[in-house]
1. To one decimal place, what Kirkwood hydrodynamic radius in Å is obtained for the range 57-123 from all pairs of distinct Cα atoms?
2. Over the range 1-151, what is the relative contact order in percent, taking alpha-carbon pairs closer than 8 angstrom and at least six residues apart?
3. In Å², what does the accessible area per residue of the range 24-162 work out to with a 1.4 Å probe?
4. Could you sort the peptides 247-253, 120-126 by per-residue average Cβ neighbour count (10 Å cutoff), highest mean leading?
5. What spacing in nm lies between the two simple spin-label points modelled at Tyr48 and Thr106, each 7 Å away from Cα in the Cβ direction?
6. So how tilted is helix 259-285 from the main axis of the chain? Cα-based, degrees 0 to 90, rounded to 10.
7. Return a whole-number percent for the relative contact order of the range 75-187, with Cα pairs under 8 Å and 6 or more residues apart as the contact set.
8. Based on the Cβ-Cβ distance from Ile254 to Cys200, what FRET efficiency comes out when R0 is 45 Å, to the nearest 0.05?
Amino acid sequence: MGRKNQDGVKKRSQAQEVWMRLRKNRQAMLGLAVFLVIAAAALTAPLYINYEEQVVRQDISSRLLPPSGEHPLGTDSLGRDMLARLIYGARISITIGLVTAISALTIGGLIGAVAGFYGGRLDNIIMRIMDIFLSMPSILLAIAVIAALGSGIVNIMISVAISYIPIYARVIRSSVLSIRSREYIESARAIGTGDLRIICKHIIPNAIGPVIVQATLGVGEIIISAAGLSFLGLGIEPPLPEWGKMLSEGEEVIRTMPSQVVYPGLCIMITVLSLNLLGDGLRDALDPRLK
């Protein structure tokens, strides 16, 4: 709720101000609307799709059928409904993207906040460790982690999150360095507030703006990374539907049935594009200079 100023006029909160600026950005709202539609379709999939019959069960007699009333996007090389698999694939891809981004943001944010708040030797040690991880190509780092832990949804999340933690740590650290000398931080220290409370209650909330933008864009990048790992055979195990795995399966029939790779490719492109549009809009909305 907004608060009233001295003249009795209701004053909008910071979140309301950001939302008002975001609403004026048509591209950002388009991206948000498209992503919400995809997420809603994926979330409600069990209500209108029979997972066992349409997504998992193989029927060679119905393989590579063209679009029809029963199969709006046709069937794949194993006779499974393409539309149903794409929708269930959205559940997996979006879950991987969101959970991985939130996990990397939480861990990286705490690491960056501690490094920026204390500075000195601790900051130097933490940042050099982050630099070591950043010096490794993210896909190779993810492949190395999966090779050690094995394939699967959880291991994909862990492997991709490890490569994104240093990115969020550096973004948070740069924001904390500009905040830690502010008057309200000095006031909190003066009244004896503990360091952990200052970091969690004062530092991180005021430094989170740039990271929210980075995380929004990062969800799309993570979806692409997870799809790439699955395409290489290091991600989701069949028969689970996942867009990258569907691309890999469609590669075998790309000449005779190009739609097998076009559909999952379009799903990845549209989802990532919607997140990029939303991220760009959030970046502008969170920038006070653009009021």
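1. 15.2 Å
2. For the range 1-151, the relative contact order is 12 percent.
3. Accessible surface, normalised per residue, equals 51 Å².
4. 247-253, 120-126
5. My value for the distance between the label points is 3.3 nm.
6. 10 degrees
7. Over the range 75-187, the number comes to 38 percent.
8. 0.35
The values are calculated or read from the model by the stated rules, or taken from the named source; none is laboratory data. Not measured: the values here are computed from a predicted model. Every residue, glycine as well, gets a Cβ built from its backbone with ideal geometry; the counts of neighbours run over all protein chains shown. Remember, those area values only see protein heavy atoms, side chains included, never the ligands or the DNA or RNA. Shrake-Rupley method; radii C 1.70, N 1.55, O 1.52, S 1.80 Å.
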